[in-house]
Amino acid sequence: MKENVKRVVVLTIIILVSSLSLYAYYTSTEDLIREQETAKLTEEINQIFPDAGRFVQKEDIYYVYSDDGDLIGYAFKATGKGYGGDISILVGVNNDEDLTIRKISVLSQSETPGLGTRITEDEFISQFNNKPIDAIKLRSNNGEIDAITGATISSNAVVNAVYTEYKNKIKSIQR
Amino acid sequence: MPFKDFSKGLVKANPLFVLVLGLCPALAVSTSIENAFGMGLAVIFVLVLSNLIISLLRNMIPKDVRIPCFIVIIATLVTIINITFKAYLPSLTESLGVYLPLITVNCIILGRAEAFASKNPPLRSVLDGVGEGIGFLLAMLLISFIRELLGSGGLNFTILGYKLGEFTIPVFSSMPALFFIMPTGAFLIIGLLLGLFKKTGVLR
């Protein structure tokens, strides 16, 4: 009987102490983690919009303003199913007549090293620069993007993700 | 002999090559030296602290609920490491991915808690943790060295985000044996190393 009670008491105390210390540690680092995430996002947006001054988030869309306060473009995240898992992409859109793609950048991927990972290289990525959305298809699909040899699935995943998410997001962009 | 508690983890009771514990992260994260190093450090941290705490509590924890108690303690430590990496080393968190939280169920940690820390005093348990942890780190570095060299055709010495140097094999690096970066290559390399160590008996 006494042994039974001891079991419950010891396990409960251990769990209580664990939860409390985790709670304390989490609340003390929460701001730092959020800061890191914002810093990372700012850096990524700055890569696409080097002239960006600040950005405002509204419903998963980042409205990017220049230092003078002019709206220079939009950015949003897109996710595609690659060969080795999800590919996460940040898409920058110009604030022009046709809302052309400004630039894209791959935030995270787990593709095959040496083949699929080449989707992060400039040779592939720069094909998207300043293209209208209708050109964002693989060349075999009457588009203007050349797939990477040996990594068609990864290339296709990026192209599809950008295209689909663009069509989704463009409806809710407030100009 | 406290020193023996430390040194046995390096060779005689090497967690990967002799005890054959913790194969899952070893297979998954040994694709590059950078990842192997980050993983090794995280395992050392968790292993040392979990051994210490479990050894201190060893007389209070009732025998039949010891496994849940160990798991709660280990999971707490792993969560702390996970939060710390997120706050201070976000890039490493990204490359280690899900394998960082999975240290919780790494058999090395629970294995040492059960086999050593729950029966021995704190100082010896800490030494055991340091030794086994460094043994794991060294084994990870050896595996990832071979895999990165053959699989990407070169080596990239980046430790915790700081780049120390780079080395590529001419000609070979343009067409490396990608196979070694894949899971299949990991099984092959670990299998061959295990066989080699067993056959030659260098680790005995």
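Of everything in region A:12-69 that's among the β-branched types (Val, Ile, Thr) and under 26 Å from A:Thr100 (Cβ atoms), which residue is nearest to the other protein chains (Cβ to nearest Cβ)?
Here the answer is A:Thr42.
Hey, B:Pro62 hits all of (1) free of Cβ contacts under 8 Å to residues at least 12 places away in the same chain; (2) closer than 25 Å to A:Glu30 by Cα; (3) surrounded by fewer than 17 Cβ atoms within 10 Å (Cβ to Cβ) but one; which does it fall short on?
Condition (2) is where B:Pro62 drops out.
Just to verify a result, which residue in region A:42-69, among those that are part of a loop (DSSP other than H, G, I, E, B) and exposed (fewer than 11 other Cβ atoms within 10 Å of the Cβ), is farthest from the chain's Cα centre (by Cα)?
The extreme case among them is A:Asp68.
Based on what the data block shows, is B:Lys12 charged (D, E, K, R) and surrounded by fewer than 17 Cβ atoms within 10 Å (Cβ to Cβ)?
Here the answer is yes, as B:Lys12 does meet what is asked.
Hey, among the residues in region A:1-11 that are surrounded by 10 or more Cβ atoms within 10 Å (Cβ to Cβ) and facing chain B (nearest Cβ under 8 Å), which one's nearest to B:Ile81 (Cα to Cα)?
Looking at residues that are surrounded by 10 or more Cβ atoms within 10 Å (Cβ to Cβ) and facing chain B (nearest Cβ under 8 Å), I get A:Leu11.
The conditions are (1) within 16 Å of the chain's Cα centre (by Cα); (2) surrounded by fewer than 14 Cβ atoms within 10 Å (Cβ to Cβ), and A:Thr27 fails exactly one of them. Which is it?
Only one criterion in (1) within 16 Å of the chain's Cα centre (by Cα); (2) surrounded by fewer than 14 Cβ atoms within 10 Å (Cβ to Cβ) is unmet by A:Thr27, namely (1).
Kindly establish whether B:Val72 is on the phi < 0 side of the Ramachandran plot, among the hydrophobic types (A, V, I, L, M, F, W, C) and over 18 Å from the mean Cα position of the chain (by Cα).
Yes.
Can you report the number of residues in region A:106-134 which are part of a helix (DSSP H, G or I) and surrounded by 15 or more Cβ atoms within 10 Å (Cβ to Cβ)?
10
Surrounded by 17 or more Cβ atoms within 10 Å (Cβ to Cβ) and within 14 Å of chain A (Cβ to nearest Cβ): does that describe B:Ile67?
So B:Ile67 does not fit the description; no.
If only one of A:Tyr83, A:Tyr166 is within 14 Å of chain B (Cβ to nearest Cβ), among the aromatic types (Phe, Trp, Tyr), in contact (Cβ under 8 Å) with a residue 40 or more places away in the chain and surrounded by 17 or more Cβ atoms within 10 Å (Cβ to Cβ), which one is it?
Just a single option satisfies the conditions, and that option is A:Tyr83.
Quick note: the coordinates plus some simple rules give every number you see, no bench work behind them. In this text the structure is predicted, and so the values were computed from the model without any measurement. As a convention, Cβ positions derive from the backbone with ideal geometry for all residues, glycine included, and neighbour counts pool all protein chains shown.
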